[in-house]
Amino acid sequence: MNSSLLNKLILIAFVFLQYGCRKEFAPPSVENQILAPLFHTSLSINKIVPDSLHETDGNDLVSLVYRRTLYDAAMESFQELETREFNETAKLQSLSLGSKTAVRSVSLGQIAVAEGGATGAFIIAQHGNNSIIPPIPGLSYGPIAVDGTAFFETVTLDSGYMDVTISNGFPTGISNVDFEIRNESDNSLVGNETFANVAAGSQETKTIDLTGKTVEGSLLGNILNFDINGTGITAVLIDTTDKITVTITVRDTKVNSATAVFPAQNLIELYDTNTMKNVQDLRLTGSTAKTGLIQLRVVSTIEDTMYFDYFVPSVTKNGVPLELHETINPAPSGGSTQREFLIDVGGYDFDLTGFPKVNHYNAFYSELVGRIDSTGEVVTLSLSDSILVFVKLKDFVPEYVEGYLGNTSVSVGPETVPFELFKAFKGGSLEFEEVEISVGVTNGNGVPFNVDVEQLEAVNSKSGDAVSIDLSTLGNPLVIDRAEGVFTTSEETWSLSNSANLTEALNIFPDALNFEMAIESNPQNDTSDLTQFAVDSNSLIAFTEVEIPLSLIADDLIIEDTSSFSGSSITVPEGLNSGSLYFIIDNSFDLQAAIEVEFLTESGDLLEAIAYENPIAASDGTPIRTILEWEFQAEDLSAILASKNIVFRATLNTRGLNEYKKIYSTQSIEAKMTVRFNYNFE
């Protein structure tokens, strides 16, 4: 058998042998990988430090800037002020019935008829003729009804006068005129007077004193006697309509009691310069009220409507003086009525010089008139009737004042205020190439001040460190000039940059400042300076101000960012056996950075921490990329899946710790986190 045939037989035998021994295949085990992005953050100065705490220059160099108010208060002039309560009582004796006049006449014919006999017949017979009138003595006439009920029913007077005027319209004089007047109801005598002679065509007046008299509205006048003087040898025209006229006028009355129709009159007139209270050493010449009330209270027993006019020419709003016009109803018989008026003076300007009565301060002038109008109705008033008026400025708080605003000293502190400049820095230390820190005061009011900063202490409440800043270079007290106008402020600052321990104070990363200061207004106590002003919205503000260009040496300076992270949103493939978290870091800071990552619960409890021993490299002008890996097994993943927040932390260091490095707004540490899952499937 040749060799070719032998080879063929061996090949056929091998094939059959293999086919006859074949088994079922088991599926092979294969490992696969999934790479998924999970998280991204950026640690730049813009994100670490709020916009309000940093500035960027034209070269993108960042400076930390911070102003912390230590003290902010308005002037003590804006405390509540008020005035004394002034009051006035008007009794009825200050009332007047005015001048009441009644006129009655009797003609020559009426006298002739009343006289009768030959004399009366002669006078009547000569009517229209020229004749000599002989002397006729012993004539009388009366009673003459005098009706004054239109003015009063009855009045008892403390004082007053009744003028009786006789006008002679006869063509002959009359003499020995005896006139009396009586109350009609009881015929009581009011008064009587005698007129010696009243020439033809003339008049004479006599006055009856009414002191202590009661006068009724219905009166009777009697001419008890009068003589006709006669015309001698001269013939005159006899006209029986010629009259003797009696005019009765009641005047200058001071009423004890009256049932009367009172004329319109002022019952009370007040012209008052009202002085402010609680002003201490202030000398206010003007003010604008923020709030305040003028309280006007009136109590009256007058059985007539009272009218009140309150006028304050020195208190204006939009140039219009303050006025109040109100009424109070009649009092019930034997009782009283009262009413209170509250006038809101918010927004009113007060001239506090006492104008126009007094060129002064802390006072304003006002006028109050209480009056009754003539209604034509009869009312009863008595001596016990009165009007009480009370006026007061209350709850007055100004929003603007002017004048001399007082010498006041205030001690402030010890107090603590937050200091938030370094709140983004969590640890380590810094050495700044340049630091500018100052203390400043802003004065929004037209009043000079002295401020003495007695203590300024930097405090880190977490570490307990505290450094009292050296103030020996400050030059206490700080002299603060007055503001030039209502809408301008006076601001001055004093540098602390040469303070011996300023760097030490800043290197504890203070989160609070303790301070004490003393403040004095008007230290020169020039009480003649009435040109000062203050506005309640303008304050005296003391502050500290810091500006630090971020050229620094960092020694384990810690910065971090906390972001929301939902581990439960990660889809974990079946068959997971292991994996890796990758942190892809791009560092453009010229600082080395050690990286830590923490996974936290929603309440901040730590679930997992990852730290890398070797720091990532500092940038040399372009971002340096570093990829950090953290390997895990399937059982390690549960903590990450349960986390709600992730903290990305960088600990920064300057290479060599001897060269200042600048921080620019364009620099950052960019971090991405991805995960790779290793899993098996059958």
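The values are calculated or read from the model by the stated rules, or taken from the named source; none is laboratory data. Quantities reported herein were computed from a predicted structural model and do not represent experimental measurements. All Cβ positions, even for glycine, are placed from backbone atoms using ideal geometry, and neighbour counts span all protein chains on display.
Strands (runs of 3 or more DSSP E) fully within the stretch 181-244 that include at least 2 residues being closer than 28 Å to Gly128 by Cα: 189-198, 203-209, 218-228, 235-237. Yes or no: the stretch 593-614 includes at least one residue that is within 30 Å of Leu502 (Cβ to Cβ) and out of contact with any Leu (no Cβ under 7 Å at 6 or more places or on another chain). Scanning the stretch 593-614, I find at least one residue that is within 30 Å of Leu502 (Cβ to Cβ) and out of contact with any Leu (no Cβ under 7 Å at 6 or more places or on another chain), so the answer is yes.
State all residues of the stretch 429-465 that are free of Cβ contacts under 8 Å to residues at least 60 places away in the same chain and part of a loop (DSSP other than H, G, I, E, B); if no residue qualifies, say none.
Within the stretch 429-465, the subset free of Cβ contacts under 8 Å to residues at least 60 places away in the same chain is 457-465.
Scanning the stretch 429-465 gives Asn460, Ser461, Lys462, Ser463, Gly464, Asp465.
Listed conditions (1) crowded, with 18+ Cβ neighbours inside 10 Å; (2) in contact with a helix residue (DSSP H, G or I) (Cβ under 8 Å, 6 or more places away or on another chain); (3) more than 29 Å from Gly120 (Cα to Cα) are all met by Met162, apart from (2).
Restricting to the stretch 204-213, count the residues that are crowded, with 16+ Cβ neighbours inside 10 Å and over 14 Å from Thr249 (Cα atoms). The number of residues fulfilling the criteria is 1. Among the numbered conditions (1) in contact with a strand residue (DSSP E or B) (Cβ under 9 Å, 6 or more places away or on another chain); (2) farther than 17 Å from Phe565 by Cβ; (3) modelled with pLDDT of 85 or more, the only one that Lys644 does not meet is (2). Of everything listed in (1) surrounded by 17 or more Cβ atoms within 10 Å (Cβ to Cβ); (2) free of Cβ contacts under 8 Å to residues at least 40 places away in the same chain, the single unmet condition for Ser468 is (1). Quick check on Pro448: is it under 39 Å from the mean Cα position of the chain (by Cα), closer than 30 Å to Asn362 by Cβ and either among the hydroxyl-bearing types (Ser, Thr, Tyr) or surrounded by fewer than 18 Cβ atoms within 10 Å (Cβ to Cβ) (or both)? The answer is no for Pro448.
Pick from the stretch 520-572 the residues that are small (Gly, Ala, Ser) and in a loop (DSSP other than H, G, I, E, B): which of them is modelled with the lowest pLDDT? Working first, answer last.
Step one: filter the stretch 520-572 for residues small (Gly, Ala, Ser), giving 521, 528, 534, 537, 539, 542, 551, 554, 563-564, 566-569.
Right, trim to in a loop (DSSP other than H, G, I, E, B) and you get 528, 537, 539, 566.
On the way: Ser528: 89, Ser537: 83, Ser539: 84, Ser566: 78.
Here the answer is Ser566.
Looking only at residues of the stretch 481-506 that are surrounded by 20 or more Cβ atoms within 10 Å (Cβ to Cβ) and closer than 17 Å to Gly464 by Cα, we find that the one that is modelled with the highest pLDDT is Ala505.
Could you check, for the stretch 281-299, whether at least one of its residues is surrounded by fewer than 19 Cβ atoms within 10 Å (Cβ to Cβ), assigned by TED's automatic domain parsing to the domain that holds Gly120, assigned to a strand (DSSP E or B) and among the polar types (S, T, N, Q)? So far as the stretch 281-299 goes, no, none of its residues is surrounded by fewer than 19 Cβ atoms within 10 Å (Cβ to Cβ), assigned by TED's automatic domain parsing to the domain that holds Gly120, assigned to a strand (DSSP E or B) and among the polar types (S, T, N, Q).
Applying the criterion of being touching a helix residue (DSSP H, G or I) at 6+ places or on another chain (Cβ under 9 Å) and not aliphatic (A, V, I, L, M) to the residues of the stretch 404-420, the residue that is farthest from Lys317 (Cα to Cα) is Glu420.
Looking across the stretch 41-73, the residues that are more than 18 Å from Ser551 (Cα to Cα) and either modelled with pLDDT of 75 or more or β-branched (Val, Ile, Thr) (or both) come down to Thr41, Ser42, Arg67, Arg68, Thr69, Leu70, Tyr71, Asp72, Ala73.
Scanning the stretch 513-539 for residues that are closer than 13 Å to Pro477 by Cβ and charged (D, E, K, R) yields a total of 1.
Pull up the stretch 372-382, narrow it to residues that are under 46 Å from the mean Cα position of the chain (by Cα) and exposed (fewer than 15 other Cβ atoms within 10 Å of the Cβ), then point me to the one that is modelled with the highest pLDDT. Spell out the reasoning first.
Just the residues of the stretch 372-382 that are under 46 Å from the mean Cα position of the chain (by Cα), to begin with: 372-375, 381.
Okay, now just the ones that are also exposed (fewer than 15 other Cβ atoms within 10 Å of the Cβ), so 373-375.
Details: Asp373: 81, Ser374: 72, Thr375: 66.
That would be Asp373.
Filtered by the rule that a residue be within 22 Å of Val412 (Cβ to Cβ) and either among the small types (Gly, Ala, Ser) or without any contact (Cβ under 8 Å) to a residue 40 or more places away in the chain (or both), the stretch 480-523 gives Asp481, Ala483, Ser490, Ser495, Ser499, Ala505, Ala512, Ala518, Ser521.
With the structure loaded, tell me whether Asn359 is modelled with pLDDT under 85, closer than 30 Å to Asn525 by Cβ and either assigned by TED's automatic domain parsing to the domain that holds Ala150 or out of contact with any Ser or Thr (no Cβ under 8 Å at 6 or more places or on another chain) (or both) or whether it fails that test. The answer is no for Asn359.
Determine whether Gly413 is farther than 23 Å from Thr531 by Cα, outside any loop (DSSP other than H, G, I, E, B), at pLDDT below 85 and of a type outside the set (Asp, Glu).
The answer is yes for Gly413.
Please determine whether any residue of the stretch 566-586 is buried (at least 17 other Cβ atoms within 10 Å of the Cβ), within 21 Å of Tyr660 (Cβ to Cβ), under 60 Å from the mean Cα position of the chain (by Cα) and aromatic (Phe, Trp, Tyr). No. For residues that are hydrophobic (A, V, I, L, M, F, W, C) and modelled with pLDDT under 85, scanning just the stretch 664-682, find the one that is farthest from Glu635 (Cα to Cα). The qualifying residue farthest from Glu635 (Cα to Cα) is Phe681.
Scanning the stretch 625-656 for residues that are acidic (Asp, Glu) and crowded, with 18+ Cβ neighbours inside 10 Å yields a total of 0. Scanning the stretch 190-200 for residues that are more than 14 Å from Ile228 (Cβ to Cβ) and surrounded by 12 or more Cβ atoms within 10 Å (Cβ to Cβ), we see that the one that is farthest from the chain's Cα centre (by Cα) is Thr194.
Of the residues contained in the stretch 333-341, none is found to be buried (at least 18 other Cβ atoms within 10 Å of the Cβ), farther than 30 Å from Asn407 by Cα and assigned by TED's automatic domain parsing to the domain that holds Ser382. Which of the following residues is surrounded by 19 or more Cβ atoms within 10 Å (Cβ to Cβ), assigned by TED's automatic domain parsing to the domain that holds Leu210 and modelled with pLDDT under 90: Ile174, Ile111? Exactly one residue qualifies, and that residue is Ile111. Can we say Ser386 is surrounded by 16 or more Cβ atoms within 10 Å (Cβ to Cβ), within 30 Å of Phe262 (Cα to Cα) and either among the polar types (S, T, N, Q) or not assigned by TED's automatic domain parsing to the domain that holds Lys277 (or both)? Yes, satisfied.
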